[in-house]
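Some notes on the structure that comes next.
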Amino acid sequence: MKLRVFTMLLLTMLIVDVAAQKRVFNHPGSILSQTDLDRIKQHVEAGDEPWASCWKAMQNDAAAKSSYTASPSTEIGGSNGTRQRAAADAYAAMLNAIEWHVTGNIVYANCAARILTAWGNKLETVSAELYQYPCRAMIVAAELLRTQEGFYEGWAEADRNIFLNKVRTLMVPACRQFCTNQATHPSWYTPAALAVQAAGVLLDDEALYQEGYNLQIATDHWGTMYGGSIEPGGQMREMGRDNVHAGLTLGDIAQACLISYN
């Protein structure tokens, strides 16, 4: 019963659309809003628990170090370890962007910008296995290098535009195409749809956001999130496969809900 209630709450957050002639996006409009980041900052600075201990643990993560160095490739997916390295780089960019917001120290923002710039400069193709996972992670990370006033000013405009162009011309088309696959798994579909939705926010593109939103709530085939991931009784459909893939599905649905909410 608790799972069913939680599931319905997530779906409600996602499918309730706010009608507007012209959507003005909040930034950062990622999985953390400015309100979230301000709250983290307040608790960390006050030394409140469990925030203070969690923050210390996060900063001890190697991926959270401002000295982190990316390992970019011409391809972002693949079963040869490329997608895992790409996802790790995206995770590091995300953590450093969060640290910038909370501490105000630009060394973290500079690190996140370097990581994204490295991938923007080198990426050429988005086609190898499970590319949607690092794609959606990098898009979410890039959005965290924003405020309502604009992108982090230390991220050189030329570098930033190269990365954003790779999002629009490589990542989004690949993830869009994946969502037309009629024989995919929900845990593979949901990050692809999430990437399109999150890219709409990152690029301030209302039509693209709406496209990703519509992909999330589509019910036209088994692989979709809304039509294929969650049974009417609240059971995650891929629990019949394994716990990991069922959890991946739920995690990406939760991120989609947060982006919609924010």
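The values are calculated or read from the model by the stated rules, or taken from the named source; none is laboratory data. The model shown is predicted, which means the values in this text are computed figures rather than measured ones. Cβ atoms come from the backbone with ideal geometry, glycine included; neighbour counts cover every protein chain shown. In case anyone asks, the SASA skips ligands and DNA or RNA and just uses the protein heavy atoms, side chains included. Shrake-Rupley method; radii C 1.70, N 1.55, O 1.52, S 1.80 Å.
Translational diffusion of the stretch 158-262 was estimated from the Stokes-Einstein equation, with Rh taken as the Kirkwood radius over Cα pairs; at 20 °C and 1.002 mPa s the coefficient is 154 µm²/s. Summing +1 for each Lys or Arg and -1 for each Asp or Glu among the other residues whose beta-carbon sits under 10 angstrom from that of Leu208 gives -2. With contributions of -39500 (n - 2.57) from each DSSP H run of at least four residues, the per-residue ellipticity at 222 nm computed over the chain stands at -18500 deg cm²/dmol.
The stretch 173-201 and the stretch 122-155 have their alpha-carbon centroids 15 Å apart. Scanning residues 5 or more positions from Thr184 or on other chains, those with amide H under 5 Å from its amide H are Gly223, with H placed 1.01 Å from N in the peptide plane. Rg and Dmax over the alpha-carbon atoms of the stretch 42-112 stand at 14.1, 44 Å. Residues Glu124, Glu206, Glu129, Glu238 ordered from highest to lowest accessible area at a 1.4 Å probe: Glu124, Glu129, Glu206, Glu238. Evaluated with a Cβ-only charge set (Lys, Arg +1; Asp, Glu -1), the chain carries a dipole of roughly 300 debye about its Cα centre, given to the nearest 20.
Carbon-plus-sulfur accessible fraction, the chain (probe radius 1.4 Å, protein heavy atoms only): 55%.
Only one residue of Ser79, Ala193, Pro173 has its Cα farthest out toward the positive end of the dipole of the chain, where Lys and Arg carry +1 and Asp and Glu -1 on Cβ, and that residue is Ser79. Could you give the DSSP H helices of the chain that reach 15 angstrom or more along their long axis (alpha carbon positions) and whose average Kyte-Doolittle hydropathy is no lower than 1.0? Those that pass (Cα extent of 15 Å or more, hydropathy at least 1.0) are 2-15.
Protein-only accessible surface at a 1.4 angstrom probe places the residues Asp38, Asp205 in the order Asp38, Asp205, largest first. Counting only Cα atoms, the stretch 41-187 measures 50, 34, 27 Å along its principal axes, largest extent leading. Can you find, among Asn105, Thr69, Gly150, the residue sitting farthest towards the positive end of the charge dipole of the chain, where Lys and Arg contribute +1 and Asp and Glu -1 at Cβ? Of the listed residues, the answer is Thr69.
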